[in-house]
Amino acid sequence: MIERIAVDRLSKAYAAESVFKSVSFSLQCGHALALTGPPGSGKTTLLRLLAGVLQPDSGAIDRRGRLGGIYSPEGTLLPAYTGRQNIRLVCAAMGLAKRQTKALTDDVLRLAGLGAAIDRPVKTFSLQERAQLTQALALCVPADIVLLDHMPHLWTAQWQARKQQGAALIFVPPSRKSLALADYMLCVKTEKLFRRADSH
């Protein structure tokens with residue numbers, strides 16, 4: 001099975017205070033990793049390192065395949081643009097042709113289920129509406145590695161389907177129930193990796 005991402009002894013500190021000292025894991029296609037730990041333990045920092053937004057102080061990250069970026073209801077969408085315009089901006093950033101853009105837009109609109117609200121500026125969206133559009137984008141945009149940060153609710157069935165299609169998923173679980181999606185769990189605070197006993 002293809003290894004999509006490998007992390008070796010990653011460390012990061014802010015103002016001489018260590019966030020984590022030696023995080024290591026690897027994730028194969030079709031598997032999911034849940035990042036756990038109390039608030040402030042470094043889950044979002046780790047996602048930003050994996051996405052290349054931040055650079056580690058030491059250690060290495062080996063990505064194999066297309067990275068979808070970090071999807072977060074608080075950070076993915078541009079507030080001044082409508083939901084539909086945000087979808088088109090994502091398509092443009094990916095370099096999609098006009099026909100591909102239309103097909104992906106149709107898929108996102110159907111999955112997000114926002115109706116007429118899609119043509120409102122995102123700054124008028126509720127948290128739930130932002131989460132619905134962001135998660136629909138994350139599901140529909142072609143990617144081998146997907147990073148999800150603090151979604152208030154995960155569409156477990158749809159993400160299981162994406163895993164079966166070969167995607168590697170790394171996410172911050174919004175609830176204990178959402179841990180059912182994970183094959184592995186990494187406690188960022190203790191830097192320990194666990195395999196879920198009832199995962200395949």
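No value in this document is a laboratory result; all are computed from the given coordinates. It should be emphasised that the depicted structure is a prediction, and the values quoted were computed from it without experimental measurement. Please note: Cβ atoms are built from the backbone with ideal geometry, for glycine as well, and neighbour counts cover all protein chains shown.
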Checklist outcome for this item: Which residues qualify? For F20, with a placed amide H closer than 5 Å and at least 5 residues away or on another chain, they are K12
Next on the checklist: Please report the net charge: other residues with Cβ closer than 13 Å to the Cβ of N86, K and R +1, D and E -1.
Outcome noted: +3
Next on the checklist: Show me, for the stretch 36-45, the HN-Hα J-couplings you get by feeding each phi into the Karplus relation (A = 6.51, B = -1.76, C = 1.60, θ = phi - 60°), rounded to Hz, glycine and proline as x.
Outcome noted: 10, x, x, x, x, 7, x, 5, 5, 4
Item to check | Rounded Å value of the spacing that divides the Cα centres of the stretch 67-118 and the stretch 126-200 | outcome: 19 Å
Checklist entry - Each residue of the stretch 160-171 in order: what ³J(HN,Hα) in whole Hz does its phi give by Karplus 6.51 cos²θ - 1.76 cosθ + 1.60, θ = phi - 60°, with x for Gly and Pro? => result 4, 5, 5, 4, 5, 7, x, 6, 9, 10, 10, 9
Checklist entry - Do the alpha carbons of any pairs in K98/K123; K21/K163; K123/K177; K43/K192 sit beyond 23 Å of each other, and which pairs? => result K98/K123; K21/K163; K123/K177
Checklist entry - With axes computed from alpha carbons, what is the tilt in degrees of helix 127-140 against the longest principal axis of the chain, rounded to the nearest 10 within 0 to 90? => result 80 degrees
Checklist entry - Order of 105-114, 155-164 by packing, highest average Cβ count within 10 Å first? => result 105-114, 155-164
Item to check | Neighbour net charge for D149 - beta-carbon separation under 15 angstrom, K R +1, D E -1 | outcome: +2
Checklist entry - At 222 nm, what helix-only mean residue ellipticity would the chain give, in deg cm²/dmol to the nearest 500, using -39500 (n - 2.57) for each DSSP H run of four or more? => result -9000 deg cm²/dmol
